[in-house]
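These notes are about the structure you will find just below.
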Amino acid sequence: MSRAEKPTAAAAKAATAGAAGEREAPASQGSSPGAVPGLSQGPSPRLSPEPVPEQETVPALPRSTGLLWTLGLLRSEIGTTFRRWRTLALLAVLAGVPVLVGIAVRIETGDDGSAAGSGGGGPAFVSQITNNGLFLVFTSLAATLPFFLPMAIGVIAGDSIAGEASAGTLRYLLVAPAGRTRLLLVKYATTLTFCLVGTLVVAVFALVTGALLFPLGEVTLLSGSTVSFGEGLLRALAIAAVVAASLIGVAAVGLFVSTLTSSGIAAMATTVGLLITVQILDVIPQLHAIQPYLFPHHWLSFADLLRDPVYWDGIRDNLGLQALYAAFFGSAAWARFTARDITA
């Protein structure tokens, strides 16, 4: 090779290296294709890449964790609970109790209008059913409160968390933005809704049955004074609200038990078993020292609303005790559920 050819070869080699360096340079450096003389031979994608446009950053969608989303979750949970056959069966049993009581009292009513055996035990207003059908509401609430209503609440509360874990849907319910605390509050609110609905079912069916089987009119209170039927109806509504509030403690206990196991049946059975055990303890005379602290001890204090003036001491003790149980067992359920390892 002659000396004249060496610079030409060196220049070609340098030009090739410059083109390769340009090909590897990022588009952000602003290098344009064909910058090297003598190598621009058309729009070759390998030698002259087009600048890559900058990608726009898509903002993340905000999570719907507001009040509307919580209300939607609560509405969905309430709808799911009240569409279950088990819930409908429990409400049917609660509705059947006042009907059976009213029919039994009507059958046992003598020709003189008095019920046989009215001088026996039981609430003081049982003997008033034949004189005024509104008293069937009070009697039915007194008959369902010790067992039927708490048992139904225990089934709903015990199945709230454990039932989801047993069905394998608990993990999906905890996907953001639900959260464990929010889900626990929704479950408890659903149980409290059932407390109110169950109590109203008993009261409404008792009122309808009493109106069909017995006369209605002025209400003679336990203190001996007489009030109008309208005022008596308002007192019946207040009694139903107090009875529903009396079940707050049972709902909290059932919710806590439901966080301890992944079996819905075990949680329901445990809650009902605890209910029966506590009620047995409440009637043992030797345990009078602890009985005022048991959640069913003041349940029948709603009868004080049928006095003039109303005795508020027992009602306040009952509501305060239920609030204490709700705070204690609700906190225990939250502590357990937030630290629980969800594997289902």
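The values are calculated or read from the model by the stated rules, or taken from the named source; none is laboratory data. Quick caveat, the model's predicted, so the values are computed rather than measured. So basically every Cβ, Gly included, is an ideal-geometry build from the backbone, and we count neighbours across all protein chains shown. All accessible areas refer to the heavy atoms of the entire protein, side chains included, with ligands and DNA or RNA removed. Shrake-Rupley method; radii C 1.70, N 1.55, O 1.52, S 1.80 Å.
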Stokes-Einstein at 25 °C, 0.890 mPa s, Kirkwood radius from Cα pairs: D for the range 209-261 in µm² s⁻¹? 176 µm²/s
If you roll a 1.4 Å probe over the heavy atoms of the protein chains, what accessible area per residue do you get for the range 188-337, in Å²? 46 Å²
Where does each of 134-140, 235-241 land if you order them by average Cβ count within 10 Å, highest first? 134-140, 235-241
Among 82-92, 277-287, the order from most to least packed when residues are scored by Cβ within 10 Å on average: 82-92, 277-287
If you average the alpha carbon positions of the range 76-103 and of the range 185-263, how far apart do those two centres end up, in angstrom? 14 Å
Leaving ligands, DNA and RNA out of it, report the carbon-plus-sulfur percent of the accessible area of the range 187-344 at a 1.4 Å probe. 71 percent
